[in-house]
Amino acid sequence: MNKYFPHTEGDIKEMLDKIGVYQVEDLFKDIPSSVIHQKPFNLPSALSETEIREEMARISGRNQKMVSFLGAGSYDVYTPSVINALTSRQEFLTSYTPYQPEISQGNLQYIFEFQSMICELTGLDVANASVYDGSTATAEAMFMAVVHTKRNKMLISKAVNPRIIDVIKTYAHFRDVELEFIDEENNQTSKTSLLARLDDQVAGVIVQNPNFYGVIENLDGLAEPIHANKSLFIMNVDPSTLAVLKTPGETGADIACGDGQTLGIPTAFGGPYVGFMAATTALVRRLPGRIVGATTDLDGKRGFVLTLQAREQHIRREKANSNICSNQSLMALHTVIYMSLLGKTGLAAVAKQAYSNAHYLCEALVKTKMFEKANKNPFFKEFVLKSKVNVGELNKYLGTLGILSGLNLGEINPKLQNQILFCATEMRCKEQMDDLVRKVEGFKNVR
Amino acid sequence: MYDKLIFEISKPGRVGYSLPKSEVKDWDIPEELTRKIGLDMPEVTELDVVRHFTRLSLKNYGVDQGFYPLGSCTMKYNPKINDEMAGNPNFVGLHPLQPAETAQGALEIYFQTSKMLSELTGLAEFSFNPFAGAHGEATGLMIMKEYHLQRHDYKRNKVIIPDSAHGTNPASASVCGMETIVVPSTELGTVDIAKLKEVLNDEVAGMMLTNPNTVGIFEKDILEISKLMHANGSLMYYDGANLNALLGVSRPGDMGFDIMHINLHKTFSTPHGGGGPGSGPVGVTKNLVQLLPNPRVVFENNQYRLQSNPFSIGSVSGFYGNFLVVVRAYTYLRTLGKENVGMVGKMAVLNANYIKESLKDYYKLPIKGACKHEVVFDGLVKGEASTLDVAKRLMDYGYHPPTIYFPMLFHQSLMIEPTEMESKETLDDFIEAMIKIAKEAEENPDLLHNAPHTTIIRRLDDVKAARTPIIKYKDFL
């Protein structure tokens, strides 16, 4: 017997008798014998619980835990202990998509709360129940614009995270959407370049705030010309900054999208995170994925259901807004619990702490005279420094001391040789930042 | 308090967090860049939050509490050891852009899980970058399209999909800018070869097939279908939604499939999380490996590393997919082992056929003969109740209902998938409840029409929800 299989020999015999066959193999007679797998599988032998623990201790031991000054789309953030305790409850963890509302009200209600909070943060009217991540959310926003405007060109700022751009490129390629890039100057989206590219083929404009370089973009005055051009204005945003930064709603955006990772989700080697999307009321029927709505039951009692489903794949098939079925529901719950705990004051406090830490660190690093600022723009929790020392060697040196240094921009863009994108979130304390500065200075002496 | 939203229990001044005191000076954000509108977020204590979400959880139903025979969803038990392994701080705290030499463990998980899935499916390599099944479908179709494009065969932009397929199949084709050709099924729900031949031409990029199909029937002509498609210059895509039926018994690669996706949250026991995160790894034959999404995990000179290549379809996700889900699937595979993997499909199929034989006198069985991992009925034999009524009444007996009104080949579809993890006693109890409900439908149909009777809420008004959408808290105000 094995713990994953409950049947005794007697059970199997009784069941076969009921079915009217002699052996289980008889139930597979419709499969051509040439494709029945006869050989033993070349797989490892089953491990007991004790053995898998040992094996995983060995494997995980090959990952190095480091003090992180690296962001670039994944951030070391505060995760209150309450979250894991609640999200690991089996009623949330082991349930399926809430197709049967009478026994899924817990799930449906937290999605409703998630939608409410995303609308509140972004300053927009409607939100969906989540998509996969920030990059696919942006791709979905692109398709919303293309379908809504019946146009086929997208403008995207070069100051958007290149990983998001890569995903946009893939989706655009297969759907034959034309991409045109908006220039950046001093790590900031060029408004002149953006406005010059608006024409009657442009379905939408994608910018990121704070952008890839950590710069807080001033997007005032863009919504009007974009809308006058009958294009949609799409902002990819970091939700953890929205308690303090001007919202997409205030900026005049039609769609806000992004990654909810910064709302308390661990970096976890890239996933699971959660993509979110919010939009103006006019676009509600263009949104992809699940949407939960409030209604009443036969007794008039408030309850929640999946709604506006005529947008979705199981009803509309090839005419659906998107093919998304499973989303990242449990991670949406993770962020709802985070936002509930942090609440009105905590979200702003965390944002300001990250902001102040990054500014403290930037100043301290510049003081070493080994770096200078790459731009004079306002930034949030990430900033670009031009290094007077070789960034590759510096990062390797810091790595040996247990420090995960900033992103070596030269590795992703040859024009940015010896530039480095540092990050300091709310998780870094003064001592850790001072320690980084000391070690950076130590590198100078080593050389 | 029980039925309130988190916003409705908020009281100004309360907090549920504790942050370290900042030791650096406060820096101000330039005024013109700041938020001017209010922020109406809840103000609640930690205990408020714990009680609120614990109570919400009690309004849900999970696999740990009872039988969840949702067809096509493979709601097998999610072993607790998987979660424990995924909670390891050396996985949870790892940054995705850490240098490869400091993330060898994570890369090993990806590489070794791919190897195990390859052995089980007969394909060469898997990419875990897709986040879910439908994402895997779109990724797989991109590979299919790109294969033809790189051969300068620009005409091939059509995908053949049986009418019995999941809605995600045609929707995924649209996401990739491909056209769908729907082929009708035979009375048995299988592919109609004659009809398939009629639609074959040099514009067909490939075919998407779920096998066993959504009616739970194995495509017995699969080898002929693959041969026809390949002779036509087209590729075969295997939708892994129903892989559990065949796990350890038969391999899609051996049936002639070139590309497939797997739902780790179905076949490989990772939790569904109320609708995600899942994981939809895509596997391909050797000649298509270069087309897999960027980046791939490779093993060279005794080191794992990430590699991007110019022939790839490109990136489909910000990083490398839902890593912690893959850790769970890896744990399941290692604890299942080569000795037991052959049992999965067999026991799943045994269980489905046992339910089929036990209920066929009470529920209409549209397709006779052995089913695979799931059985589809077409409503009650007797009595005045619909499949919806039966589903709702099942809740009163403590079960999650099966999938209803899918597949669309039948008007009253009731699709039951028991999985291999369920005992004979569980199945017997469920069968007894289903038979009781069938009898109730004859004797007292109103009992079914008004069901459920024991849940915290009764049937909800879907029409009202769609007509006047209330989708956030402030819509109530």
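Determine which member of the set A:402, A:406, A:410 is over 22 Å from residue A:184 (Cβ atoms) and not hydroxyl-bearing (Ser, Thr, Tyr). So that I can check it myself, show each step before the final result.
On the way: A:406 fails: over 22 Å from residue A:184 (Cβ atoms); A:410 fails: over 22 Å from residue A:184 (Cβ atoms).
Among A:402, A:406, A:410, only A:402 is over 22 Å from residue A:184 (Cβ atoms) and not hydroxyl-bearing (Ser, Thr, Tyr).
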Residue by residue through segment B:10-38, note down the ones that are under 36 Å from the mean Cα position of the chain (by Cα) and either of a type outside the set (Gly, Ala, Ser) or not in a loop (DSSP other than H, G, I, E, B) (or both). B:17
Within segment B:94-116, restricting to residues that are within 9 Å of another protein chain (Cβ to nearest Cβ), in a helix (DSSP H, G or I) and of a type in the set (A, V, I, L, M, F, W, C), the one that is farthest from residue B:282 (Cα to Cα) is B:106
Six or more apart or on different chains, Cβ atoms under 8 Å: show the pairs whose first residue is in segment B:108-130 and among the aromatic types (Phe, Trp, Tyr) and whose second is in a loop (DSSP other than H, G, I, E, B) and buried (at least 21 other Cβ atoms within 10 Å of the Cβ). B:110/B:128; B:110/B:320; B:126/B:281; B:128/B:279; B:128/B:281; B:128/B:320; B:128/B:321; B:128/B:322
Within segment A:363-399, tally of residues that are touching a residue at least 60 places away in the same chain (Cβ under 8 Å) and either in a strand (DSSP E or B) or surrounded by 22 or more Cβ atoms within 10 Å (Cβ to Cβ) (or both): 7
Do we have any residue at all in segment B:434-456 that's free of Cβ contacts under 8 Å to residues at least 40 places away in the same chain and surrounded by 15 or more Cβ atoms within 10 Å (Cβ to Cβ)? no
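For (1) modelled with pLDDT of 95 or more; (2) surrounded by fewer than 24 Cβ atoms within 10 Å (Cβ to Cβ); (3) assigned by TED's automatic domain parsing to the domain that holds residue A:354, each residue gets a yes or a no:
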site	(1), (2), (3)
A:248	yes, no, no
A:270	yes, no, no
A:279	yes, no, no
A:284	yes, yes, no
A:290	yes, no, no
A:311	no, yes, no
A:314	no, yes, no
Restricted to segment B:292-314 and to residues being part of a loop (DSSP other than H, G, I, E, B) and under 24 Å from the mean Cα position of the chain (by Cα), the residue farthest from residue A:175 (Cα to Cα) is B:295
Sort out which residues of segment B:439-477 are more than 9 Å from chain A (Cβ to nearest Cβ) and touching a strand residue (DSSP E or B) at 6+ places or on another chain (Cβ under 6 Å), and write them in order of number. B:441
In segment A:56-92, the residues that are part of a helix (DSSP H, G or I) and more than 7 Å from chain B (Cβ to nearest Cβ): A:57, A:58, A:81, A:83, A:84, A:85, A:87
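Quick grid of which residues meet (1) under 27 Å from residue B:410 (Cβ atoms); (2) out of contact with any helix residue (DSSP H, G or I) (no Cβ under 6 Å at 6 or more places or on another chain); (3) in contact (Cβ under 8 Å) with a residue 40 or more places away in the chain; (4) within 13 Å of chain A (Cβ to nearest Cβ):
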site	(1), (2), (3), (4)
B:213	yes, yes, yes, yes
B:216	yes, yes, yes, yes
B:231	no, yes, no, no
B:239	yes, yes, yes, yes
B:248	no, no, yes, yes
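Taking segment A:183-204 as the search range and keeping residues that are over 17 Å from residue A:228 (Cβ atoms) and crowded, with 18+ Cβ neighbours inside 10 Å, which one is farthest from the other protein chains (Cβ to nearest Cβ)?
The initial filter retains those residues of segment A:183-204 that are over 17 Å from residue A:228 (Cβ atoms), namely A:183-190, A:193.
Okay, now just the ones that are also crowded, with 18+ Cβ neighbours inside 10 Å, so A:184, A:187-189.
Details: A:184: 18, A:187: 15, A:188: 12, A:189: 14 Å.
Restricting to residues being over 17 Å from residue A:228 (Cβ atoms) and crowded, with 18+ Cβ neighbours inside 10 Å, the top hit is A:184.
Could you list, in sequence order, all residues of segment A:378-399 that are among the polar types (S, T, N, Q) and at the interface with another protein chain (Cβ under 10 Å from one of its Cβ atoms)? Please lay out each step first, then the result.
Within segment A:378-399, the subset among the polar types (S, T, N, Q) is A:387, A:390, A:395.
The one that is among the polar types (S, T, N, Q) and at the interface with another protein chain (Cβ under 10 Å from one of its Cβ atoms): A:395.
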Kindly list, by first and then second residue, each pair from a residue in segment A:79-96 that is within 17 Å of residue B:324 (Cα to Cα) and among the aliphatic types (A, V, I, L, M) to a residue that is part of a helix (DSSP H, G or I) and at pLDDT 95 or above, limited to pairs with Cβ atoms under 7 Å and residues at least 6 apart or on different chains. A:83/A:334; A:83/A:337; A:83/A:338; A:93/A:87; A:93/A:330
Hey, any hits in segment A:96-103 for a residue that's in a helix (DSSP H, G or I) and not assigned by TED's automatic domain parsing to the domain that holds residue A:268? no
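Can residue A:11 be described as assigned to a helix (DSSP H, G or I), closer than 24 Å to residue B:370 by Cβ and either at the interface with another protein chain (Cβ under 8 Å from one of its Cβ atoms) or aromatic (Phe, Trp, Tyr) (or both)? Spell out the reasoning first.
On the way: assigned to a helix (DSSP H, G or I): yes; closer than 24 Å to residue B:370 by Cβ: yes; either at the interface with another protein chain (Cβ under 8 Å from one of its Cβ atoms) or aromatic (Phe, Trp, Tyr) (or both): yes.
Criteria met by residue A:11.
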For segment A:403-425, which positions are in contact with a Lys or Arg (Cβ under 8 Å, 6 or more places away or on another chain) and in a loop (DSSP other than H, G, I, E, B)? A:418, A:424, A:425
I'd like to verify a number: residues in segment B:68-91 that are surrounded by fewer than 20 Cβ atoms within 10 Å (Cβ to Cβ) and within 30 Å of residue B:391 (Cα to Cα), how many? 2
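Give the residue, chosen from B:108, B:101, B:125, B:84, that is within 30 Å of residue B:209 (Cβ to Cβ) and of a type in the set (D, E, K, R).
Numbers: B:108 fails: within 30 Å of residue B:209 (Cβ to Cβ); B:101 fails: within 30 Å of residue B:209 (Cβ to Cβ); B:84 fails: within 30 Å of residue B:209 (Cβ to Cβ).
Answer to the selection: B:125.
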From the option list B:94, B:47, single residue qualifying as surrounded by fewer than 20 Cβ atoms within 10 Å (Cβ to Cβ) and aliphatic (A, V, I, L, M) is B:47
Find the residue count for segment B:74-93, including only residues that are more than 8 Å from every other protein chain (Cβ to nearest Cβ) and of a type in the set (Gly, Ala, Ser). 1
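Taking into account only those residues within segment A:99-111 that are more than 7 Å from chain B (Cβ to nearest Cβ) and modelled with pLDDT of 95 or more, which is surrounded by the most Cβ atoms within 10 Å (Cβ to Cβ)? Even if it seems obvious, please write down each step before you answer.
Kept after step one, since they are more than 7 Å from chain B (Cβ to nearest Cβ), are these residues of segment A:99-111: A:99, A:108, A:111.
Remaining after also requiring modelled with pLDDT of 95 or more: A:108, A:111.
Values: A:108: 26, A:111: 30.
So, considering only residues that are more than 7 Å from chain B (Cβ to nearest Cβ) and modelled with pLDDT of 95 or more, the one surrounded by the most Cβ atoms within 10 Å (Cβ to Cβ) is A:111.
Restricted to segment B:351-360, and to residues that are facing chain A (nearest Cβ under 7 Å) and without any contact (Cβ under 8 Å) to a residue 40 or more places away in the chain, which residue is surrounded by the fewest Cβ atoms within 10 Å (Cβ to Cβ)? Spell out the reasoning first.
Initial filter on segment B:351-360 (facing chain A (nearest Cβ under 7 Å)): B:353-354, B:357-358.
Those left that are additionally without any contact (Cβ under 8 Å) to a residue 40 or more places away in the chain: B:353, B:357.
Values: B:353: 27, B:357: 18.
So the residue we want is B:357.
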Residues in segment B:125-148 that are within 15 Å of residue B:237 (Cβ to Cβ), more than 9 Å from chain A (Cβ to nearest Cβ) and not in a helix (DSSP H, G or I): how many? 2
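Considering segment A:328-365 alone, what residues qualify as being under 15 Å from residue A:382 (Cβ atoms) and hydrophobic (A, V, I, L, M, F, W, C)? Reasoning before the result, please.
Keep residues of segment A:328-365 that are under 15 Å from residue A:382 (Cβ atoms), which gives A:351, A:353-363, A:365.
Selection gives A:351, A:354, A:358, A:361, A:362, A:365.
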Is it the case that some residue within segment B:149-167 is modelled with pLDDT of 95 or more, over 20 Å from residue B:312 (Cβ atoms), assigned to a helix (DSSP H, G or I) and not aromatic (Phe, Trp, Tyr)? no
Hits in segment B:367-395 (condition: modelled with pLDDT under 95 and farther than 16 Å from residue B:72 by Cβ): B:368, B:369, B:370, B:383, B:384
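The values are calculated or read from the model by the stated rules, or taken from the named source; none is laboratory data. On a predicted model such as this, the values are computed, not experimentally measured, just so you know. In this analysis, Cβ positions are derived from the backbone assuming ideal geometry, glycine residues included, and neighbour counts consider all displayed protein chains.
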